[in-house]
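Trainee: Structure below; questions to follow.
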Amino acid sequence: MSLITRALQGNLTRKNALQTLTRCGYSSHAKFAEHRPIEKIRNIGISAHIDSGKTTLTERILFYTGRIAEMHEVRGKDNVGATMDSMELERQRGITIQSAATYTMWKDTNVNIIDTPGHVDFTVEVERALRVLDGAVLVLCAVGGVQSQTLTVNRQMKRYNVPCLAFINKLDRLGSNPYRVLSQMRSKMNHNAAFIQLPIGVESNCKGLVDLVREQAIYFEGENGMDVRLDEIPQDMRVESQERRQELIEHLSNADETFGEFFLEEKPFSEADLRAALRRTCINRTFTPVLVGTALKNKGVQPLLDAVIDYLPNPGEVENLGFIEREGKDPEKIVLNPARDGKDPFVGLAFKLEAGRFGQLTYLRCYQGVLRKGDNIFNARTNKKVRIARLVRLHSSQMEDVNEVYAGDIFALFGVDCASGDTFTTNPKNNLAMESIFVPEPVVSMAIKPNNTKDRDNFSKAIARFTKEDPTFHFFFDNDVKETLVSGMGELHLEIYAQRMEREYGCPVTLGKPKVAFRETLVGPCEFDYLHKKQSGGSGQYARIIGVMEPLPPNQNTLLEFVDETVGTNVPKQFVPGVEKGYREMAERGMLSGHRLSGIKFRLQDGGHHIVDSSELAFMLAAHGAIKEVFQNGNWQILEPIMMVEVTAPEEFQGAVMGHLSKRHGIITGTEGTEGWFTVYAEVPLNDMFGYAGELRSSTQGKGEFTMEYSRYSPCLPDVQDQIVRQYQETQGASQPDKKKKKN
Ligand code: GDP
């Protein structure tokens, strides 16, 4: 049975609808050929501020493209939940947290939708998704407009150079004003943007759209708006349409030289010229086409899909680089060949791991070459060989087996042991890796405890799975206070995992108060010479280690390094791992404030052993002793996470906003302003950001928005450090020896 038949089976209405679509010039999708030309592929993401309607829109797209037979509302009465929300919790919240890749077809073109989460705490998922996308649809709410997460997503798209279309959703809502949203896109997000569609009526009067490119009206009729009818632009909208089309042409002319000539020389141009200019400028990110609609009321979704195909790039129009590691040299950059001829060796990137109801799934994107069932590939990081027993393409909750995948395709593998960000190639020796995904440091930690001791096993299983899936989610058992700590990108990030433990693993947990993840580091080098010796009858313990602990450069202050510089056999090689183990164990908990050590290099230079009494354990304990010694003798300081904060508000509040940021120890790094709004960029310690949302709201009459994102770790101010150390000493009681503090 063909896939199209399966997709349509049992749904006669849809079949009728397809015929209608065909009648209206919306030719139905044809065959599901596996090996389609690169021009017929789009890998897109849908990004938005939470509640803008991303899930509803995705659901509509899947419906119109024939991937699902019926639609559900996100918080609908049918209790089924939108198809993309495959996780129980997401269903309940109506938000999409985890990205999933969905294969679908629109008019002969394969559109792969990588679902991207909207909340800032799930940044790593957004980063991963953006890494594999070629283009994106930015959904905005016609009432809410540009909100803080829209700004975050916008910044990420800029970082990864992702071309985008904007879709202003919820035209039907009371108070909807797409014109205001467009002006916010220009003023708050600095987009050179213009409408390519206009609404025919808003709020309850929302009837259809005017297509400014074709200069026609579009109406969505029949069941679920499937009947797309083109008509003349209504009389009362002709003047406005003319004006807005002129505005579109002006904005395009500013961004595109070729098209600019038509404008300057007042030469006539065709619809095809206009489309070509839209495509060029959208792909090189100099112009953003703005579409409008209402997903819930089934208006504007099909033209949005057309625009995805018309204006967003295919995988061949985006440059992707691979890096060949060379010892002692900078890696060599190579441009991967996106041609779907299978001539170049296979290169793929694992961008998402998911342990779901199909078992362990790994989502990959193929960047070069071809991969066939039965092939062997290698993980570039571990050099492990993987045999491809099954290749699948995913719909959000169903899968399809395929025999081969080509450059540009998104697919999944079963039971592959790897981490997200790993590169797979056919040749283990070429050291080729795609650049790794930017992984932010976890900045908030919380104590976590299963409510019932009988759930311990499930608790461990859940932790193991979550830490593997999400590199920003960390786990640590603090032996001293017998407490388990989890750390991540924010409170909500950790709360979501806590809830998933209960729902998916039947293990309810209690979370402690959120704490900023400070770190401890050395100010300068400190030598050590430590002898661990114990003689208490029986075999003794003997280990001596000599060396130096020193700070790493500031840009590496979240790392820990260990180097063995010993020559000769004073420290026998088999005991070196013991020293490293002892060092890493001690690094989990600093003695100044109880936070992890980082930004330190441990150089083991010499030592001594005893022919009988030395062991790995003895060397491990010697490392513990050496670090305690360095703690007493060295100069230590506390590092804190610094956030990149971006605040946008109307101009009149600029003074107040700047004042509040500097009161919070913020350093202003830049400001921008257009059309009555300003944006200020600042670096502020996370520890000083608590309560900022409320302050900003009250000082800008609710009009200000802010986003923050981890930037780096940096030394605390001396008084902050004193306070942290004092608090720690109080909790530790008087038993704690006097700690030496940093000499600034
Ligand atoms: P997400 O958080 O961005 O995925 O947004 P959802 O798709 O979950 O939508 C959030 C809420 O907005 C839900 O209650 C939807 O039913 C509703 N919604 C989505 N699209 C529209 C729309 O076009 N008009 C109106 N009035 N509501 C919408």
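Read the figures in this text as sums done on the coordinates, not as results from a lab. No experiment lies behind these values; they were computed from the predicted model shown. Here the Cβ positions follow ideal geometry from the backbone for every residue, glycine too, while neighbour counts run over all protein chains shown.
Trainee: Considering only the chain, what is the antiparallel percent among its DSSP beta bridges, to the nearest 5? Show your work: numbers first, answer last.
Mentor: Numbers: 121 of 151 bridges.
Percent antiparallel among DSSP bridges in the chain is about 80.
Trainee: Can you give me the C-alpha center-to-center distance between segment 503-570 and segment 620-651, rounded to a whole angstrom?
Mentor: Measuring centre to centre over Cα atoms gives 13 Å.
Trainee: Given labels modelled 7 Å from the Cα in the Cβ direction, how far is it in nm from Ala693 to Asn427?
Mentor: Once both label points are built, they end up 5.1 nm from each other.
Trainee: Let me ask something else. When Rg is the radius of gyration of the Cα atoms in segment 489-546 and Rh is its Kirkwood radius, what does Rg/Rh come to?
Mentor: When Rh is taken as the Kirkwood radius, the ratio is 1.35.
Trainee: Once the mean 1/r over all distinct Cα pairs of segment 566-676 is inverted, what Kirkwood radius in angstroms do you read off? Write down the numbers at each step before the final one.
Mentor: Values: mean 1/r = 0.0550 Å⁻¹.
The Cα-based Kirkwood calculation yields 18.2 Å.
Trainee: How long are the three semi-axes of the equivalent ellipsoid for segment 243-392, computed from the Cα gyration tensor as the root of 5 times each eigenvalue, in whole Å, largest first?
Mentor: Computed over segment 243-392, the values are 41, 23, 13 Å.
Trainee: Using amide H atoms built 1.01 Å from N in the peptide plane, name the residues 5+ places from Ala217, or on other chains, whose amide H lies under 5 Å from its own.
Mentor: Sorted by chain and number, the residues that satisfy this are Asp211, Asp231, Glu232, Ile233.
Trainee: For every other residue with a beta carbon closer than 10 angstrom to the beta carbon of Leu597, add +1 if it is Lys or Arg and -1 if Asp or Glu, then tell me the sum.
Mentor: Cβ neighbours under 10 Å give a net charge of +2.
Trainee: I've got another one for you. Pull up all non-local amide H partners of Asn298: gap of 5 or more, or a different chain, and H-to-H distance under 5 Å with H placed in the peptide plane.
Mentor: Residues meeting the amide H criterion: none.
Trainee: Based on the alpha-carbon gyration tensor of segment 151-247 and its eigenvalue square roots a ≥ b ≥ c, which shape applies: rounded if a/c is under 1.5, prolate if not and a/b is larger than b/c, or oblate?
Mentor: Prolate, because a/c is 1.5 or more and a/b exceeds b/c.
Trainee: In a shell of Cβ-Cβ distance under 12 Å around Pro338, excluding Pro338 itself, what net charge do Lys and Arg (+1) and Asp and Glu (-1) give?
Mentor: -4
Trainee: Please report the spacing between the Cα centers of segment 304-325 and segment 657-695 in Å, no decimals.
Mentor: Result: 35 Å between the Cα centres.
Trainee: Can you pull the three principal axis extents for the Cα set of segment 247-309, in Å, largest first?
Mentor: 43, 22, 19
Trainee: Can you tell me which aspartates and glutamates have their Cα less than 16 Å from the Cα of Lys573? Leave out same-chain residues fewer than eight positions away.
Mentor: Asp564, Glu565, Asp606, Asp613, Glu616
Trainee: Pop out the ³J(HN,Hα) list for segment 452-458 in order, Karplus 6.51 cos²θ - 1.76 cosθ + 1.60 with θ = phi - 60°, rounded to Hz; leave Gly and Pro as x.
Mentor: 10, 5, 5, 8, 3, 4, 5
Trainee: Something else now. Ordered by residue, what ³J(HN,Hα) values in Hz, to whole numbers, does segment 443-450 give under the Karplus form 6.51 cos²θ - 1.76 cosθ + 1.60, where θ = phi - 60° and Gly and Pro are x?
Mentor: Each residue of segment 443-450 in turn: 10, 10, 10, 9, 6, 9, 8, x Hz.
Trainee: Between Val612 and Lys534, what length in nm is gained on full extension when 0.36 nm per residue of separation is reduced by their alpha carbon distance?
Mentor: The span from Val612 to Lys534 would gain 26.8 nm if fully extended.
Trainee: Once both axes come from the Cα atoms, what is the angle between helix 616-633 and the longest principal axis of the chain, in degrees from 0 to 90, rounded to 10?
Mentor: Compared with the principal axis, the helix lies near 90 degrees.
Trainee: Roughly how tilted is helix 148-159, in degrees to the nearest 10 and between 0 and 90, from the longest Cα axis of the chain?
Mentor: Rounded to the nearest ten degrees, it is 80.
Trainee: A follow-up question, please. Relative to the longest principal Cα axis of the chain, at what angle does helix 238-255 sit, 0 to 90 degrees, rounded to 10?
Mentor: 40
Trainee: Next up: Using amide H atoms built 1.01 Å from N in the peptide plane, name the residues 5+ places from Thr109, or on other chains, whose amide H lies under 5 Å from its own.
Mentor: none
Trainee: When the Karplus curve 6.51 cos²θ - 1.76 cosθ + 1.60 is applied with θ = phi - 60°, which whole-Hz ³J(HN,Hα) does each residue of segment 300-306 get, with x for Gly and Pro?
Mentor: Rounded to whole hertz, the list is x, 6, 5, x, 5, 4, 4.
Trainee: Hey, another quick one. Could you compute the FRET efficiency for Val239 and Glu652, with r as their C-beta to C-beta distance and R0 at 35 Å, rounded to 0.05? Present the calculation step by step, with values, prior to reporting the outcome.
Mentor: Details: r = 34 Å, r/R0 = 0.96.
Efficiency computed from Cβ-Cβ geometry: 0.55.
Trainee: Among rounded, prolate and oblate, which fits segment 439-543 when a ≥ b ≥ c are the square roots of the eigenvalues of its C-alpha gyration tensor, a/c under 1.5 means rounded, and a/b larger than b/c means prolate?
Mentor: Cα axes put segment 439-543 in the oblate bin.
Trainee: Tell me, Kirkwood radius of the chain from alpha-carbon pair distances, in Å?
Mentor: Kirkwood radius, the chain: 28.6 Å.
Trainee: Same structure again: Going by a ≥ b ≥ c, the root eigenvalues of the Cα gyration tensor, does segment 304-396 fall in the rounded group (a/c under 1.5), the prolate group (a/b larger than b/c) or the oblate group?
Mentor: oblate
Trainee: Post the alpha-carbon centroid distance, segment 239-282 to segment 139-216, in whole angstrom.
Mentor: Here the answer is 19 Å between Cα centres.
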